[in-house]
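J.: Before anything else, here's the structure in question.
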Amino acid sequence: MEPVQPLTPRVLCSVLSVKSHSCEVTLDSGRALLSWKEVRPRRGRERSRAGACLAQAFQRVRGLTGTLTHRLPSAGHIVPVSEIVSVGEADVDEKYYGMQWKHMCKPHAFTVHYVQRMKKHRWRCKAVTFWCSDEQLYCHWLQALNDLLEQLACRPKRLLVYINPYGGKKKGRQIYEKKVAPLFCLASITADVIVTEYANHARDNIYEVNLDKYDGIVCVGGDGMFSEVLHGLIGRIQKDSDVDHNNPKIPLSRCYMRIGIIPAGSTDCVCFATVGINDPVTSALHIILGDSQPLDVSAVHNKKTLLKYTVSLLGYGFYGDVLKGSEKNRWLGPARYDFSGFKTFLSHRYYEGTVSFQPAKWAVGSPRDNVCCTAGCYICRQSSKQLEEQQRAETYGLQHNEQEENWTTVKGKFMSINIVVMSCACPRSPKGLSPAAHLADGTADLILVRKCSRLNFLRHLIRHTKSNSDQFDFPFVDVYRIKTFQFTPKHSEEDDSESTDLGNIGKKNFAQICTDHPTCGCSQLNSVWNCDGETLEQTAIEMRVHCQLIRLFARGIEDSHKEDDEMPSRV
Ligand SMILES: CCCCCCCCCCCCC/C=C/[C@@H](O)[C@H](COP(=O)(O)O)NC(C)=O
Ligand SMILES: Nc1ncnc2c1ncn2[C@@H]1O[C@H](COP(=O)(O)OP(=O)(O)O)[C@@H](O)[C@H]1O
Ligand SMILES: [Ca+2]
């Protein structure tokens with residue numbers, strides 16, 4: 001089969017075979033697009049129409065932002081080179097030859113593995129094998145494709161992988177070995193794998209490893225496991241750059257080493273909210289392609305001591321009690337949250353305290369504007385830019401320092417106090433606790449749910465599970481976009497220690513419990529903070545958002561128009 005001369009130096013075009021079909025295969029290095037389309041012997045008029053439709057498709061693809069696998073009319077394919085996982089020599093067995101090869105020597109074949117989008121943000125690794133009789137042409141194609149892949153500097157080559165064998169359904173190891181490792185191998189990624197042996201093993205190990213050897217860190221587990229790696233990496237970077245992270249006001253050094261999350265936990269909301277699904281293969285493909293998604297991180301302090309970082313939920317009251325009640329039932333796996341959630345809902349506790357916060361005045365969006373964070377988010381870009389301008393102005397004293405001003409204070413009785421740095425979308429709550437929260441805008445959303453009836457609280461909760469209802473549309477719910485936050489419980493820790501033993505409670509407190517909690521008579525005056533799935537010891541805390549402190553191997557939630565229906569390829 002004679003090679004078709006390249007149209008221009010940057011476009012390689014040949015007729016190759018895919019299974020028993022002849023295809024016109026084009027590699028446009030300029031646009032970094034690989035396309036192939038079945039060609040059949042045509043009369044003059046039809047051939048020109050086929051050429052025209054290919055050119056038209058290029059126009060459409062070139063005009064589109066972002067990358068996608070675009071189907072040409074009559075089952076052609078266009079794959080951006082940035083979404084090719086690997087290209088390699090292939091064995092083509094007899095069944096593909098068809099009659100035409102019987103009398104000829106063995107053909108030369110190469111296989112292209114590429115990302116195919118399915119429904120609901122699921123990605124799959126698809127393979128297509130091209131073959132031809134001409135060895136020189138085969139080598140030319142293999143070289144041209146690999147040269148383009150080599151130029152993709154964002155792709156990781158060496159990864160450090162931590163597996164939590166204990167989280168979720170305790171399937172972390174199998175998930176990695178069966179679903180992820182084969183894809184890393186296909187993409188020629190080497191991985192140093194550490195299966196953790198105890199809690200915080202990964203966090204402590206990150207302080208010791210030589211990070212320069214790696215292009216990224218991967219955690220196989222849930223939000224708690226991600227939180228461990230997050231603490232290890234941020235702590236290591238601050239230590240290496242001599243930043244005292246115990247000072248709540250100090251700006252932290254950004255971490256440019258990306259973290260990949262292979263979801264194997266119970267909630268997996270960080271993965272779900274940054275990729276759109278908690279599916280190990282989809283996350284592995286985002287890591288292989290070298291995606292990069294900046295992520296805000298909040299630091300939580302108590303009296304000049306760093307307690308924790310959080311990227312998803314910092315929750316007091318309902319979610320704090322749910323987490324506390326679930327810890328002892330870890331043997332139930334993810335179901336422990338449903339069981340504990342039900343019990344917590346029945347207890348119907350509220351907690352008293354004082355909430356203070358500084359609104360994020362520079363923020364472009366608001367928690368109720370229904371503008372969800374998507375890949376390449378405009379609000380994240382604008383808000384973080386305006387935040388940097390404000391910080392620069394404050395640094396040079398051009399603008400009075402707002403640290404001390406415009407605090408808003410709310411005293412009251414709360415069912416729950418939730419601060420979410422991102423939407424917290426997850427399988428249980430597809431739009432998340434705050435659907436319009438952004439991954440990298442430098443703000444967090446504060447959701448205050450004041451004391452209300454069980455029925456109303458249930459209505460508020462149930463709306464989280466529906467994608468078309470507004471969980472903030474209640475008179476007892478307020479939501480704010482903030483940059484800093486403080487909480488002081490009405491009953492300080494000292495009262496708390498007394499409250500554990502009913503006998504010590506003074507007449508006044510007992511009377512108060514009795515009137516305030518007629519049904520449960522509980523002795524609990526304070527809840528606990530749920531910080532990304534780990535409980536905090538202290539209840540009096542302060543929190544500050546650090547804009548885009550870390551990066552993930554993700555790209556945010558892509559618009560759904562890019563999804564291919566799961567259609568069998570016709571070529
Ligand atoms: C009666 C109807 C109740 C509907 C409730 C709908 C809300 C669903 C809960 C959303 C929680 C999102 C915030 C996620 C926090 C995670 O970091 C944390 C820990 O996640 P992990 O278990 O480590 O993956 N999970 C929980 C439940 O606290
Ligand atoms: N080998 C281990 N043994 C016990 N606990 C561990 C181990 N590795 C990690 N952990 C801890 O398990 C907790 C839960 O991990 P995670 O992956 O979030 O599971 P889940 O989503 O079920 O909570 C985390 O706090 C993490 O620190
Ligand atoms: Ca944010």
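J.: Those residues that are open to solvent by less than 40 Å² (accessible area, probe 1.4 Å) and charged (D, E, K, R), I need them from the stretch 102-155; list them, please.
T.: Scanning the stretch 102-155 gives Arg117, Arg155.
Residue by residue, here is whether (1) away from ligand 2 (no atom under 16 Å from the Cβ); (2) in contact (Cβ under 8 Å) with a residue 40 or more places away in the chain; (3) under 23 Å from the mean Cα position of the chain (by Cα) holds:
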{"position": "Ile288", "(1), (2), (3)": "yes, yes, yes"}
{"position": "His301", "(1), (2), (3)": "yes, yes, no"}
{"position": "Tyr316", "(1), (2), (3)": "yes, yes, no"}
{"position": "Ala335", "(1), (2), (3)": "no, no, yes"}
{"position": "Asp369", "(1), (2), (3)": "yes, yes, yes"}
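J.: Checking Ile175 against (1) in contact with a helix residue (DSSP H, G or I) (Cβ under 7 Å, 6 or more places away or on another chain); (2) away from ligand 1 (no atom under 16 Å from the Cβ): exactly one of these is not met. Which one?
T.: Checking Ile175 against (1) in contact with a helix residue (DSSP H, G or I) (Cβ under 7 Å, 6 or more places away or on another chain); (2) away from ligand 1 (no atom under 16 Å from the Cβ), the one that fails is (2).
J.: What about Val281, is it assigned to a helix (DSSP H, G or I), open to solvent by 10 Å² or more (accessible area, probe 1.4 Å), in the same structural domain as Lys171 (by TED's automatic domain parsing) and within 26 Å of Lys431 (Cα to Cα)?
T.: On the way: assigned to a helix (DSSP H, G or I): yes; open to solvent by 10 Å² or more (accessible area, probe 1.4 Å): yes; in the same structural domain as Lys171 (by TED's automatic domain parsing): yes; within 26 Å of Lys431 (Cα to Cα): yes.
Judged against the criteria, Val281 is a match.
J.: Are any residues in the stretch 348-392 open to solvent by 20 Å² or more (accessible area, probe 1.4 Å) and in a helix (DSSP H, G or I), and if so, which ones?
T.: Matches in the stretch 348-392: Tyr378, Arg381, Gln382, Lys385, Gln386, Glu388, Glu389, Gln390, Gln391, Arg392.
J.: Here is a further query. Does the stretch 462-474 include one or more residues that are touching a residue at least 12 places away in the same chain (Cβ under 8 Å), within 16 Å of ligand 3 (Cβ to nearest atom) and of a type in the set (Gly, Ala, Ser)?
T.: no
J.: Listed residues Cys132, Cys154; which is more than 16 Å from ligand 3 (Cβ to nearest atom) and more than 25 Å from Asp279 (Cα to Cα)? So that I can check it myself, show each step before the final result.
T.: Numbers: Cys154 fails: more than 25 Å from Asp279 (Cα to Cα).
Only one candidate passes the filter, namely Cys132.
J.: Among the residues of the stretch 419-438, how many are open to solvent by 10 Å² or more (accessible area, probe 1.4 Å) and more than 16 Å from ligand 2 (Cβ to nearest atom)?
T.: The number of residues fulfilling the criteria is 5.
J.: Has the stretch 264-271 got at least one residue that is among the polar types (S, T, N, Q), crowded, with 24+ Cβ neighbours inside 10 Å and in contact with a helix residue (DSSP H, G or I) (Cβ under 8 Å, 6 or more places away or on another chain)?
T.: Taking the stretch 264-271 as the starting set, the residues that turn out to be among the polar types (S, T, N, Q) are 266-267.
Now drop any that are not crowded, with 24+ Cβ neighbours inside 10 Å, which leaves 266-267.
Adding the requirement that they be in contact with a helix residue (DSSP H, G or I) (Cβ under 8 Å, 6 or more places away or on another chain) leaves 266-267.
Yes: the stretch 264-271 contains one or more residues that are among the polar types (S, T, N, Q), crowded, with 24+ Cβ neighbours inside 10 Å and in contact with a helix residue (DSSP H, G or I) (Cβ under 8 Å, 6 or more places away or on another chain).
J.: For the stretch 186-205, which residues satisfy the criterion of being within 13 Å of ligand 2 (Cβ to nearest atom) and not small (Gly, Ala, Ser)?
T.: Across the stretch 186-205, the qualifying residues are Ile194, Val195, Thr196, Glu197, Tyr198, Asn200, His201, Arg203, Asp204, Asn205.
J.: Restricting attention to the stretch 439-461, and to residues there that are away from ligand 3 (no atom under 16 Å from the Cβ) and open to solvent by less than 50 Å² (accessible area, probe 1.4 Å), which single residue is nearest to Val270 (Cα to Cα)?
T.: The extreme case among them is Leu461.
J.: Then there's this: Starting from the stretch 19-43, take each residue that is open to solvent by 50 Å² or more (accessible area, probe 1.4 Å) and list its partners that are at pLDDT 85 or above and in a loop (DSSP other than H, G, I, E, B), counting only C-beta distances under 7 angstrom and pairs at least six apart or across chains.
T.: Glu24/Val39
J.: Another question, if that's okay. Please specify each residue of the stretch 156-173 satisfying the condition of being within 16 Å of ligand 2 (Cβ to nearest atom) and surrounded by 15 or more Cβ atoms within 10 Å (Cβ to Cβ). Walk me through how you get there before you give the answer.
T.: Filtering the stretch 156-173 for residues within 16 Å of ligand 2 (Cβ to nearest atom) gives 160-173.
Hits for the stretch 156-173 are Leu160, Val161, Tyr162, Ile163, Asn164, Pro165, Tyr166, Gly167, Gly168, Lys171, Gly172, Arg173.
The values are calculated or read from the model by the stated rules, or taken from the named source; none is laboratory data. As the structure is a prediction and not an experimental result, all values here were calculated from the model. No Cβ is skipped: glycine too gets one built from the backbone with ideal geometry, and neighbour counts run over all protein chains shown. Remember, those area values only see protein heavy atoms, side chains included, never the ligands or the DNA or RNA. Shrake-Rupley method; radii C 1.70, N 1.55, O 1.52, S 1.80 Å.
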